[in-house]
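Inspection log for the structure reproduced underneath, given as structure tokens.
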Amino acid sequence: MLSFVFQNPRGLEIFLDLKVHDVPNTVKKTVASIASLKTAKYLTVHTSGNYEMLKSAQDTGLVELLGVTVLTSQSASKEQVKHLADLGVKSGLSGIIASAQEYSSIR
């Protein structure tokens, strides 16, 4: 579980690139905890989790979730990236993050 205090006195849109990934219940609690701080507008989750994990995170409805397909330090086929992007879309995420090389295959 995350434990930090952050104040956003200027009301900026904060993007937390945490790439949350765990069992569905833990992800749901983590997203809810981050959203309760009312400082982050966007939060990243790993689409490699699974549909249940992504849906649990999305069910909180408290912060816009962006799905990370594959880290640039990892290698993956275009089919795998497309599958992970499709999974993120199916689960209702607000957006997908992938490398520029994968853009044409997931658009």
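Observations on the model:
- For region 7-47, convex hull volume per residue from C-alpha positions, Å³: 58
- Cα-based reach from LYS41 at 14 Å (exclusive), listing aspartates and glutamates while leaving out same-chain residues under 8 positions away: GLU13, ASP17, GLU64
- TYR103, TYR42, reordered so the largest accessible area comes first (probe 1.4 Å): TYR103, TYR42
- Tail fraction, Cα-Cα pairs, the chain, threshold 15 Å, whole percent: 60
- For the chain, a simple Cβ point-charge model (Lys and Arg +1, Asp and Glu -1, everything else neutral) yields a dipole of about 160 debye relative to the Cα centre.
- Bridging of LYS78 to lysines at a Cα separation below 22 Å is possible for LYS19, LYS90, once same-chain residues fewer than 8 apart are set aside.
The values are calculated or read from the model by the stated rules, or taken from the named source; none is laboratory data. Here the structure is a predicted model, which is why all the values come from computation and not from measurement. Backbone-built Cβ (ideal geometry, glycine too); neighbour counts: all protein chains shown. The protein model used for the area step is the full one, side chains on, heavy atoms only, and it has no ligands, DNA or RNA in it. Shrake-Rupley method; radii C 1.70, N 1.55, O 1.52, S 1.80 Å.
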